[in-house]
There are 2 protein chains.
Amino acid sequence: MPDNQELAPDAPGSDRQEQAQEKEQPRRRQARGERRIAQLLEAAAHVFCTTGYTAASTNAIAREAGVSPGTLYQFFPNKEAIAIELGDRLMHEMRETYGEALAPVDPATPVEEAVGAAVDRFIAFNCDHPVFFALMHGPDIPGRISEEHDALHATLLARITDLLSSLLPATADPADLTRTARMCLGMYKAGLELVLGHEGAEREAYVRELKNALVRYLEPLAGARLGTPARAGA
Amino acid sequence: MPDNQELAPDAPGSDRQEQAQEKEQPRRRQARGERRIAQLLEAAAHVFCTTGYTAASTNAIAREAGVSPGTLYQFFPNKEAIAIELGDRLMHEMRETYGEALAPVDPATPVEEAVGAAVDRFIAFNCDHPVFFALMHGPDIPGRISEEHDALHATLLARITDLLSSLLPATADPADLTRTARMCLGMYKAGLELVLGHEGAEREAYVRELKNALVRYLEPLAGARLGTPARAGA
DNA sequence: GACAAACGCGAGTGGTCGCTCGCATTCTGG
DNA sequence: CCAGAATGCGAGCGACCACTCGCGTTTGTC
């Protein structure tokens, strides 16, 4: 088992003459291998999506990718590593493409706009990558993914809390803020599930419904700000 | 395997002389057996609660109940039947104890009151029986439980839709009603998760937060009704 | 072309889990 | 009190799954 150092680096400290590469053991990999990895991850995404993590068998993933189980284990040390690599790539893509949704907002933007923009971005990402939802909300996910989920959860919570504290001028109790932020995130998740469960116009209607729920929940809190009475109903 | 007809009745039609009992094959069971069943179901509830359905092993359930695996299979034909019987009993108890929450409401009651009463009842039930949440929201539940969940889901949806249609006088589009009802149920589930994740005063604060979110979401829809501007904040 | 390393295969291994079977013990009706 | 049913046991069976191993094939390098 002298393979797979790239995806699952073990403890170093043995004979290593030239670490003058980029990072860690280079593990020379041909283009063919990279293609196989992408192929396997795509197959894994499909299988995870349809059956969930635990119910997904590595043999099924290999079959879906059209390779043998042995080939799969040439590139991934174990089943967990597949989910982790998949999660890492999704996380990376999300931060790259939709990172702006996490950036601090101009405190002058109305609630509707801020909520709408954030919801649109995250909904779009989740619609493009349904595996993300399966990996993040499965009850049986491996430890590493769970950590990533917690990190994302905490990040989102912090961002929402920031946004809320910019809305509530002096109502200072941070415990209230935390609860409200958690409630917002929960409502978003619930709405996301509804959105993912429908297609086309119906899906968009649910997006509007989710935005309505969030805005109506948050608007009364923004008492000190200039009200935005214009509300485009469904 | 001439046992377990009561919990898993197979196709009848064979030699049955005296069906003058109460229902189905009587399957004479001693008090000891009934006690064992209750004991096993309690153990199963605990194991399902902590590890989920699929991860729960029948041997673990038997161990938790302090009996051998063979004894477990004397009363349940298979693992699924354990979850089904547990679900049936929970469902029965819910209908018995909290069925009034599903009864039609007086159309004169304000939104806050109706929402608050329903939320309180269901939250209380779920707090008393955390297994219910685990069985209903696990992604790996067996078919029968899934059907029960769907039935409950549909019932709740129908009730919420009724309540909504009594609020919206003439805004007739039933598709909008369905979406709003689904959003309400999703918000309730999200809130329930938050509530179950906390204890004591914090838990009650989340209950209030959930009610706030639901009321604020629904209140603007009740435009034609006499408004209830008194809102007790957190 | 030759060598080595990366790639690819699929039968096989160890382990777990749902479930069974033969047998011992306890209860119930007559 | 005794025949038979209900209860109880736990080693073990078959199936499945994550993962391995030995060997054959392809690819990059000199």
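The values are calculated or read from the model by the stated rules, or taken from the named source; none is laboratory data. The shown structure was predicted, so the numbers you read here are calculated from the model rather than taken from an experiment. A quick note on method: Cβ atoms are made from the backbone with ideal geometry, for glycine too, and the neighbour counts reach across all protein chains shown. The protein model used for the area step is the full one, side chains on, heavy atoms only, and it has no ligands, DNA or RNA in it. Shrake-Rupley method; radii C 1.70, N 1.55, O 1.52, S 1.80 Å.
What are the residues in region A:185-196 that are at the interface with another protein chain (Cβ under 9 Å from one of its Cβ atoms) and either open to solvent by 20 Å² or more (accessible area, probe 1.4 Å) or under 17 Å from residue A:110 (Cβ atoms) (or both), if any?
Of everything in region A:185-196, those that are at the interface with another protein chain (Cβ under 9 Å from one of its Cβ atoms) and either open to solvent by 20 Å² or more (accessible area, probe 1.4 Å) or under 17 Å from residue A:110 (Cβ atoms) (or both) turn out to be A:188, A:189, A:193, A:194.
Of B:114, B:56, B:62, B:83, which residue is crowded, with 18+ Cβ neighbours inside 10 Å and within 14 Å of another protein chain (Cβ to nearest Cβ)? So that I can check it myself, show each step before the final result.
Numbers: B:114 fails: within 14 Å of another protein chain (Cβ to nearest Cβ); B:62 fails: within 14 Å of another protein chain (Cβ to nearest Cβ); B:83 fails: within 14 Å of another protein chain (Cβ to nearest Cβ).
Only one candidate qualifies: B:56.
Here is a list of conditions, (1) away from every other protein chain (no Cβ under 14 Å); (2) crowded, with 17+ Cβ neighbours inside 10 Å; (3) modelled with pLDDT of 90 or more, and residue B:101 meets all of them except one; can you say which number that is?
(3)
Given the options A:129, A:137, name the one that is modelled with pLDDT of 95 or more and under 22 Å from residue A:191 (Cα atoms). Quick ask: steps written out before the conclusion?
Values: A:137 fails: modelled with pLDDT of 95 or more.
The unique qualifying residue is A:129.
In region B:137-164, which residues are surrounded by 20 or more Cβ atoms within 10 Å (Cβ to Cβ) and within 14 Å of chain A (Cβ to nearest Cβ)?
From region B:137-164, those surrounded by 20 or more Cβ atoms within 10 Å (Cβ to Cβ) are B:138, B:141, B:145, B:160, B:163-164; that's our starting set.
If the condition is that a residue be surrounded by 20 or more Cβ atoms within 10 Å (Cβ to Cβ) and within 14 Å of chain A (Cβ to nearest Cβ), then B:138, B:141, B:160, B:164 are the ones that fit.
Here are some residues: A:175, A:154, A:190. Which one is over 21 Å from residue B:210 (Cβ atoms) and in a helix (DSSP H, G or I)? Before the answer, list the steps.
Values: A:175 fails: over 21 Å from residue B:210 (Cβ atoms); A:190 fails: over 21 Å from residue B:210 (Cβ atoms).
Within the list A:175, A:154, A:190, the selection yields A:154.
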